[in-house]
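**Student:** The structure's right below; bear with me while I get my questions together.
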Amino acid sequence: AQSVSQHNHHVILSEAASLELGCNYSYGGTVNLFWYVQYPGQHLQLLLKYFSGDPLVKGIKGFEAEFIKSKFSFNLRKPSVQWSDTAEYFCAVNPYTGFQKLVFGTGTRLLVSP
Amino acid sequence: GAVVSQHPSWVICKSGTSVKIECRSLDFQATTMFWYRQFPKQSLMLMATSNEGSKATYEQGVEKDKFLINHASLTLSTLTVTSAHPEDSSFYICSARATGTGSNTGELFFGEGSRLTVL
(Lines give C-alpha, C1' and ligand atoms only; values in the text may rest on other atoms or scores of the structure.)
Protein backbone atom coordinates (compact mmCIF):
# COMPACT_ATOMS: atom_id res chain seq x y z
CA ALA A 1 0.00 0.00 0.00
CA GLN A 2 1.13 3.53 -0.65
CA SER A 3 2.41 5.14 2.50
CA VAL A 4 4.77 7.46 4.28
CA SER A 5 7.33 5.85 6.57
CA GLN A 6 9.23 7.35 9.43
CA HIS A 7 11.55 4.69 10.71
CA ASN A 8 12.65 6.39 13.92
CA HIS A 9 9.81 6.44 16.41
CA HIS A 10 11.84 7.82 19.29
CA VAL A 11 15.11 9.71 19.18
CA ILE A 12 17.05 10.95 22.19
CA LEU A 13 19.90 13.41 21.70
CA SER A 14 22.03 15.69 23.78
CA GLU A 15 22.10 19.40 23.05
CA ALA A 16 24.42 20.37 20.19
CA ALA A 17 24.18 16.92 18.63
CA SER A 18 23.26 16.66 14.98
CA LEU A 19 19.85 15.41 13.97
CA GLU A 20 18.62 13.46 10.99
CA LEU A 21 15.10 12.04 10.84
CA GLY A 22 14.24 9.71 8.02
CA CYS A 23 11.16 9.92 5.82
CA ASN A 24 10.39 7.67 2.89
CA TYR A 25 7.28 7.55 0.76
CA SER A 26 5.98 5.11 -1.77
CA TYR A 27 4.03 7.36 -4.14
CA GLY A 28 5.15 7.62 -7.73
CA GLY A 29 4.93 10.73 -9.82
CA THR A 30 4.95 14.28 -8.60
CA VAL A 31 4.67 14.83 -4.88
CA ASN A 32 4.75 17.77 -2.53
CA LEU A 33 6.59 17.09 0.72
CA PHE A 34 6.27 18.59 4.18
CA TRP A 35 7.67 18.36 7.65
CA TYR A 36 5.46 19.41 10.54
CA VAL A 37 6.39 19.79 14.17
CA GLN A 38 4.19 19.49 17.25
CA TYR A 39 5.66 20.94 20.43
CA PRO A 40 4.26 19.64 23.72
CA GLY A 41 0.78 21.00 24.25
CA GLN A 42 0.71 22.84 20.95
CA HIS A 43 -0.77 22.22 17.53
CA LEU A 44 0.99 21.12 14.39
CA GLN A 45 3.16 23.73 12.73
CA LEU A 46 4.83 23.69 9.35
CA LEU A 47 8.62 23.40 9.49
CA LEU A 48 9.35 23.34 5.80
CA LYS A 49 7.98 22.19 2.48
CA TYR A 50 9.20 21.12 -0.94
CA PHE A 51 7.29 21.56 -4.18
CA SER A 52 9.97 21.91 -6.85
CA GLY A 53 13.38 23.40 -7.54
CA ASP A 54 16.36 23.04 -5.25
CA PRO A 55 16.00 19.69 -3.49
CA LEU A 56 17.65 21.08 -0.38
CA VAL A 57 14.99 23.02 1.46
CA LYS A 58 15.61 25.30 4.39
CA GLY A 59 12.92 25.83 6.97
CA ILE A 60 12.40 27.62 10.23
CA LYS A 61 14.56 27.25 13.33
CA GLY A 62 17.61 26.00 11.45
CA PHE A 63 15.97 22.89 10.02
CA GLU A 64 16.54 21.68 6.50
CA ALA A 65 15.45 18.71 4.44
CA GLU A 66 16.74 17.11 1.30
CA PHE A 67 14.52 15.58 -1.35
CA ILE A 68 16.18 12.61 -3.04
CA LYS A 69 13.83 11.50 -5.76
CA SER A 70 15.68 8.30 -6.58
CA LYS A 71 15.38 7.19 -2.96
CA PHE A 72 11.84 8.47 -2.42
CA SER A 73 13.18 10.20 0.65
CA PHE A 74 12.82 13.57 2.35
CA ASN A 75 15.01 13.45 5.45
CA LEU A 76 14.97 16.23 8.00
CA ARG A 77 18.24 17.54 9.41
CA LYS A 78 19.54 20.03 11.90
CA PRO A 79 23.28 20.41 12.58
CA SER A 80 22.94 21.28 16.26
CA VAL A 81 19.79 20.62 18.24
CA GLN A 82 18.58 22.56 21.25
CA TRP A 83 16.49 21.54 24.21
CA SER A 84 13.63 23.56 22.71
CA ASP A 85 13.57 21.21 19.72
CA THR A 86 11.99 18.55 21.90
CA ALA A 87 8.79 17.75 20.01
CA GLU A 88 7.13 15.29 17.71
CA TYR A 89 7.98 15.55 14.04
CA PHE A 90 5.72 14.43 11.23
CA CYS A 91 6.60 13.93 7.62
CA ALA A 92 3.71 14.40 5.19
CA VAL A 93 3.24 13.85 1.50
CA ASN A 94 0.75 15.42 -0.88
CA PRO A 95 0.67 12.82 -3.63
CA TYR A 96 -1.21 14.91 -6.18
CA THR A 97 0.05 18.16 -7.57
CA GLY A 98 -2.30 21.00 -6.65
CA PHE A 99 -4.35 18.74 -4.39
CA GLN A 100 -4.46 19.38 -0.70
CA LYS A 101 -4.74 15.90 0.70
CA LEU A 102 -1.87 15.06 3.01
CA VAL A 103 -0.71 11.61 4.03
CA PHE A 104 1.23 11.64 7.28
CA GLY A 105 3.96 9.43 8.60
CA THR A 106 3.64 7.98 12.09
CA GLY A 107 5.80 10.67 13.62
CA THR A 108 9.11 10.73 15.44
CA ARG A 109 9.29 11.82 19.03
CA LEU A 110 12.50 13.75 19.69
CA LEU A 111 13.81 14.34 23.17
CA VAL A 112 16.77 16.65 23.56
CA SER A 113 18.46 16.52 26.92
CA PRO A 114 20.16 19.67 28.19
CA GLY B 1 0.75 32.39 10.64
CA ALA B 2 -2.96 31.84 10.31
CA VAL B 3 -4.86 30.55 13.34
CA VAL B 4 -7.24 27.63 13.45
CA SER B 5 -9.12 26.99 16.67
CA GLN B 6 -10.95 23.87 17.79
CA HIS B 7 -13.54 23.56 20.51
CA PRO B 8 -13.83 21.74 22.78
CA SER B 9 -10.25 20.65 23.34
CA TRP B 10 -11.40 17.79 25.55
CA VAL B 11 -14.78 16.13 25.82
CA ILE B 12 -16.02 13.11 27.73
CA CYS B 13 -19.39 11.66 26.88
CA LYS B 14 -21.52 8.61 27.53
CA SER B 15 -21.89 5.90 24.96
CA GLY B 16 -24.81 6.56 22.63
CA THR B 17 -24.67 10.34 22.82
CA SER B 18 -23.60 12.70 20.06
CA VAL B 19 -20.72 15.11 20.28
CA LYS B 20 -20.04 18.17 18.14
CA ILE B 21 -16.54 19.53 17.56
CA GLU B 22 -16.06 22.95 16.02
CA CYS B 23 -13.20 24.11 13.86
CA ARG B 24 -12.82 27.83 13.22
CA SER B 25 -10.41 29.79 11.11
CA LEU B 26 -9.89 32.91 13.18
CA ASP B 27 -8.13 35.32 10.86
CA PHE B 28 -8.73 33.97 7.40
CA GLN B 29 -11.43 32.41 5.27
CA ALA B 30 -11.22 28.73 4.48
CA THR B 31 -13.19 27.20 1.63
CA THR B 32 -11.72 23.83 2.47
CA MET B 33 -11.17 22.23 5.82
CA PHE B 34 -9.91 18.76 6.63
CA TRP B 35 -10.71 16.47 9.52
CA TYR B 36 -8.09 14.05 10.76
CA ARG B 37 -8.15 11.39 13.42
CA GLN B 38 -5.12 10.31 15.40
CA PHE B 39 -4.93 7.13 17.44
CA PRO B 40 -2.31 6.84 20.18
CA LYS B 41 1.18 6.34 18.77
CA GLN B 42 -0.18 6.36 15.23
CA SER B 43 -0.24 8.80 12.39
CA LEU B 44 -2.93 11.30 11.48
CA MET B 45 -5.51 9.71 9.25
CA LEU B 46 -7.57 11.91 6.96
CA MET B 47 -11.26 11.32 7.58
CA ALA B 48 -12.91 13.78 5.25
CA THR B 49 -12.57 16.96 3.27
CA SER B 50 -15.08 19.63 4.14
CA ASN B 51 -16.02 22.13 1.46
CA GLU B 52 -17.94 25.30 2.25
CA GLY B 53 -21.46 25.12 0.92
CA SER B 54 -21.30 21.55 -0.30
CA LYS B 55 -21.19 18.01 0.98
CA ALA B 56 -18.06 16.67 2.57
CA THR B 57 -15.93 14.11 0.80
CA TYR B 58 -15.20 11.12 3.00
CA GLU B 59 -12.21 8.85 2.83
CA GLN B 60 -12.67 5.17 2.25
CA GLY B 61 -13.77 3.37 5.37
CA VAL B 62 -15.12 6.45 7.14
CA GLU B 63 -18.84 6.28 7.88
CA LYS B 64 -20.45 9.49 6.73
CA ASP B 65 -23.57 8.88 8.78
CA LYS B 66 -21.44 8.41 11.88
CA PHE B 67 -19.21 11.41 11.38
CA LEU B 68 -21.39 14.27 10.18
CA ILE B 69 -19.53 17.22 8.76
CA ASN B 70 -21.00 20.62 8.12
CA HIS B 71 -19.14 23.56 6.61
CA ALA B 72 -21.77 26.26 6.70
CA SER B 73 -19.50 29.28 6.49
CA LEU B 74 -16.03 30.23 5.34
CA THR B 75 -14.76 30.22 8.91
CA LEU B 76 -16.51 27.27 10.53
CA SER B 77 -16.66 23.53 10.02
CA THR B 78 -18.21 21.13 12.50
CA LEU B 79 -17.70 17.42 13.05
CA THR B 80 -20.48 15.60 14.86
CA VAL B 81 -19.79 12.12 16.14
CA THR B 82 -23.23 10.55 16.30
CA SER B 83 -24.16 7.80 18.73
CA ALA B 84 -20.60 7.71 19.99
CA HIS B 85 -19.10 4.46 21.24
CA PRO B 86 -15.85 3.79 23.11
CA GLU B 87 -14.08 2.86 19.86
CA ASP B 88 -14.70 6.42 18.67
CA SER B 89 -12.45 7.71 21.43
CA SER B 90 -9.62 9.45 19.70
CA PHE B 91 -7.88 12.73 19.00
CA TYR B 92 -9.59 14.67 16.24
CA ILE B 93 -7.68 17.40 14.44
CA CYS B 94 -8.93 19.85 11.84
CA SER B 95 -6.94 21.84 9.37
CA ALA B 96 -7.81 24.63 7.01
CA ARG B 97 -6.48 26.05 3.82
CA ALA B 98 -6.76 29.77 3.35
CA THR B 99 -8.49 31.20 0.30
CA GLY B 100 -6.36 33.41 -1.88
CA THR B 101 -3.40 31.13 -1.42
CA GLY B 102 -1.88 29.91 -4.63
CA SER B 103 -3.40 26.64 -5.72
CA ASN B 104 -0.12 24.84 -5.57
CA THR B 105 1.10 25.85 -2.14
CA GLY B 106 -0.72 23.15 -0.23
CA GLU B 107 -0.03 24.73 3.12
CA LEU B 108 -2.47 23.84 5.82
CA PHE B 109 -3.01 25.37 9.23
CA PHE B 110 -3.93 23.02 12.03
CA GLY B 111 -6.18 23.31 15.03
CA GLU B 112 -5.09 22.27 18.50
CA GLY B 113 -7.07 19.06 18.36
CA SER B 114 -10.01 17.72 20.33
CA ARG B 115 -9.68 14.68 22.51
CA LEU B 116 -12.86 12.63 22.69
CA THR B 117 -13.34 10.01 25.36
CA VAL B 118 -16.47 7.90 25.17
CA LEU B 119 -17.35 6.01 28.34
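**Student:** Provide a whole-number value for the mean count of partner chain Cβ atoms within 10 Å of the Cβ atoms in peptide A:27-34.
**Tutor:** Across A:27-34, the average partner-chain Cβ count within 10 Å equals 1.
**Student:** Please report, largest first and rounded to whole Å, the three semi-axes of the ellipsoid equivalent to segment B:2-62, where each semi-axis is the square root of five times an eigenvalue of the C-alpha gyration tensor.
**Tutor:** After scaling each eigenvalue by five and taking roots: 21, 16, 14 Å.
**Student:** Next up: Keeping all protein chains in place and using 1.4 angstrom, which order do B:ARG97, A:ARG109 fall into by accessible surface area, from largest down?
**Tutor:** Listed by decreasing accessible area, they come as A:ARG109, B:ARG97.
**Student:** Report, in debye and to the nearest 20, how large the dipole of segment A:20-114 comes out about its Cα centre when Lys and Arg carry +1 and Asp and Glu carry -1 on their Cβ.
**Tutor:** In total the dipole reaches around 100 debye.
**Student:** Give me the log10 of I(q) over I(0) for the protein assembly as shown at q = 0.09, 0.10 Å⁻¹, as the Debye formula computes it from C-alpha points; what are the numbers?
**Tutor:** -0.38, -0.47
**Student:** While we're looking at this one, here's another question. Applying the Karplus parametrisation 6.51 cos²θ - 1.76 cosθ + 1.60 with θ = phi - 60° to the phi angles of segment B:85-91, what ³J(HN,Hα) value in whole Hz is obtained for each residue in order, glycine and proline being reported as x?
**Tutor:** 10, x, 5, 7, 4, 5, 10
**Student:** From the protein chains alone at 1.4 Å, what is the descending order of accessible area for B:ASP65, A:ASP85, largest first?
**Tutor:** I get B:ASP65, A:ASP85, largest accessible area first.
**Student:** Additional query: Let me check against my output: what whole-number percent is the relative contact order of chain A, with C-alpha pairs under 8 Å and at least 6 apart?
**Tutor:** Once divided by the residue count of chain A, the mean separation gives 37 percent.
**Student:** Of B:LEU68, A:LEU33, B:SER95, which is farthest along the charge dipole of the protein assembly as shown in the positive direction, counting Lys and Arg as +1 and Asp and Glu as -1 at C-beta?
**Tutor:** B:LEU68
The values are calculated or read from the model by the stated rules, or taken from the named source; none is laboratory data. Given the structure is predicted, the values throughout are model-derived calculations rather than measurements. In this analysis, Cβ positions are derived from the backbone assuming ideal geometry, glycine residues included, and neighbour counts consider all displayed protein chains. With ligands, DNA and RNA removed, areas are computed over all heavy atoms of the protein, side chains included. Shrake-Rupley method; radii C 1.70, N 1.55, O 1.52, S 1.80 Å.
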